Amino acid sequence: MDCSIAHRLLMALLQYGLAAAGLEPLSSLGGALAGVAGGMLVGRKRSSKTISQPLFSPALAAALGSYGLVAVLLALISFPGPIHETLYPLMWRAAFPSVTTLKGFVSSQSFGQTFRFWAHPGSITLIAILVSYPFLRRFKISQSGALQAAARATWRSALPATIGVITTVGLSTLMEYCGMTLLLAQGLSAAVGAAFPVFSPLVGMLGAFATGSNTNSNVLFVSLQKNIALLLAVNPILLLSTQTAGGALGSMISPSKLIVGCSTVGLNGKEGQVLRRTLPYGLGISLMVGLLAMGIVLFG
């Protein structure tokens, strides 16, 4: 078997195994670490030069140790045991009372997403940082002031995305809560009818184009896709899959992604040319996904 195929297979199997074991937050990290380790081993094996440096430098070992601490903490909290029983039940979620809109739409009492303080990847990552940093300073792997510099850089890069996610989630929740999403679903299902699965990826693609993120596209339109699936008596999983596939394709035409990509490769000011080249591919692949979904509805 080709090494590259074996490499990808190893990453896929480990990611699937972690997800199937209930460790979804670790699945991507585990697959990535397996890919890094496999790449290092294959690279050393294929190198024709004599490698005098050790396989793991102190800096690399420290980095892997920090990531390993995240994995260990998540595993301890997620797997059944005394730590799981103590920390996992600690959670918070918002309660939304029943309301009636001026148009007569009645929203029943519901609850928001559950936030588990000690099982959230962000909390675990923060703990790993606070635990790892003294050891990095002790062994002179990290310079003085590195933690403060990293915190400032994280704040500058994360603040715009955080504001975007909060406002997008707020808009999506408001639309769902007051019946706007259901009204849109009824209108789309009536206009397009049973052929909507063909256009479902385009909805996700439009969301990613407008928000610049597949995640934000899903936040905005997952409820819409689910309601349309229920109205059309289609398996909701199918339309949710086409929604996120379309959102992923929308990244290639998103203005924010085009700006970042063009600035990275020195094509500033040529975003329009790149969009004209990528748009046909995005629409074509999205249409293929929609036709495949329609085929599953008709013949699956």
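Give the residues of segment 270-300 that are small (Gly, Ala, Ser) and either touching a residue at least 60 places away in the same chain (Cβ under 8 Å) or within 19 Å of residue 229 (Cα to Cα) (or both), sorted by residue number.
Applying the first criterion (small (Gly, Ala, Ser)) to segment 270-300 yields 272, 282, 284, 286, 290, 293, 295, 300.
Of everything in segment 270-300, those that are small (Gly, Ala, Ser) and either touching a residue at least 60 places away in the same chain (Cβ under 8 Å) or within 19 Å of residue 229 (Cα to Cα) (or both) turn out to be 282, 286, 290, 293, 295, 300.
Specify which of the listed residues (187, 193, 246) is in the same structural domain as residue 276 (by TED's automatic domain parsing) and either modelled with pLDDT under 80 or on the phi > 0 side of the Ramachandran plot (or both). Explain how you work it out, then say what you get.
On the way: 187 fails: either modelled with pLDDT under 80 or on the phi > 0 side of the Ramachandran plot (or both); 246 fails: either modelled with pLDDT under 80 or on the phi > 0 side of the Ramachandran plot (or both).
None of the other options fit; the residue is 193.
From 240, 220, 275, 287, grab the single residue that is modelled with pLDDT under 85 and either within 17 Å of the chain's Cα centre (by Cα) or surrounded by fewer than 18 Cβ atoms within 10 Å (Cβ to Cβ) (or both).
Details: 240 fails: modelled with pLDDT under 85; 275 fails: modelled with pLDDT under 85; 287 fails: modelled with pLDDT under 85.
Within the list 240, 220, 275, 287, the selection yields 220.
Out of all the residues in segment 261-272, which are under 24 Å from the mean Cα position of the chain (by Cα) and surrounded by 12 or more Cβ atoms within 10 Å (Cβ to Cβ)?
261, 262, 263
Here is a yes/no grid of residues against (1) surrounded by fewer than 19 Cβ atoms within 10 Å (Cβ to Cβ); (2) at pLDDT below 90; (3) over 24 Å from residue 286 (Cβ atoms); (4) of a type in the set (Phe, Trp, Tyr):
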| position | (1), (2), (3), (4) |
| --- | --- |
| 171 | yes, yes, no, no |
| 180 | yes, yes, yes, no |
| 198 | no, no, no, no |
| 203 | no, no, no, no |
| 233 | yes, no, no, no |
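Only one of 203, 219 is of a type in the set (A, V, I, L, M, F, W, C), part of a helix (DSSP H, G or I), touching a Phe, Trp or Tyr at 6+ places or on another chain (Cβ under 6 Å) and in contact (Cβ under 8 Å) with a residue 40 or more places away in the chain. Can you tell me which?
Numbers: 219 fails: touching a Phe, Trp or Tyr at 6+ places or on another chain (Cβ under 6 Å).
Within the list 203, 219, the selection yields 203.
Looking only at segment 132-169, which residues are among the hydrophobic types (A, V, I, L, M, F, W, C), surrounded by 13 or more Cβ atoms within 10 Å (Cβ to Cβ) and modelled with pLDDT of 80 or more?
Step one: list which residues in segment 132-169 are among the hydrophobic types (A, V, I, L, M, F, W, C), which gives 135-136, 139, 141, 146-147, 149-151, 153, 155, 158-159, 161, 163, 165-166, 169.
Next, only the ones that are surrounded by 13 or more Cβ atoms within 10 Å (Cβ to Cβ) stay: 135-136, 141, 146-147, 150, 161, 165, 169.
Scanning segment 132-169 gives 135, 136, 141, 146, 147, 150.
So which residues in segment 183-215 are within 24 Å of the chain's Cα centre (by Cα) and among the small types (Gly, Ala, Ser)?
Of everything in segment 183-215, those that are within 24 Å of the chain's Cα centre (by Cα) and among the small types (Gly, Ala, Ser) turn out to be 200, 204, 207, 208, 210, 212, 213.
Looking only at segment 84-118, which residues are assigned to a loop (DSSP other than H, G, I, E, B) and in contact (Cβ under 8 Å) with a residue 60 or more places away in the chain? Outline the logic, then answer.
Residues of segment 84-118 that are assigned to a loop (DSSP other than H, G, I, E, B), as a first pass: 88-90, 93-94, 97-98, 101-105, 108-109, 112-114, 117-118.
Scanning segment 84-118 gives 101, 103, 105, 112.
Counting only residues that are part of a helix (DSSP H, G or I), closer than 11 Å to residue 141 by Cα and small (Gly, Ala, Ser), how many does segment 57-77 have? Write out each step before concluding.
Our first condition is that a residue be part of a helix (DSSP H, G or I); within segment 57-77, this holds for 58-77.
So of that shortlist, the ones also closer than 11 Å to residue 141 by Cα come out as 58-63.
Checking the rest, the ones that are also small (Gly, Ala, Ser) come to 59, 61-63.
Summing the residues that are part of a helix (DSSP H, G or I), closer than 11 Å to residue 141 by Cα and small (Gly, Ala, Ser) in segment 57-77 gives 4.
The values are calculated or read from the model by the stated rules, or taken from the named source; none is laboratory data. The model shown is predicted, which means the values in this text are computed figures rather than measured ones. All Cβ positions, even for glycine, are placed from backbone atoms using ideal geometry, and neighbour counts span all protein chains on display.
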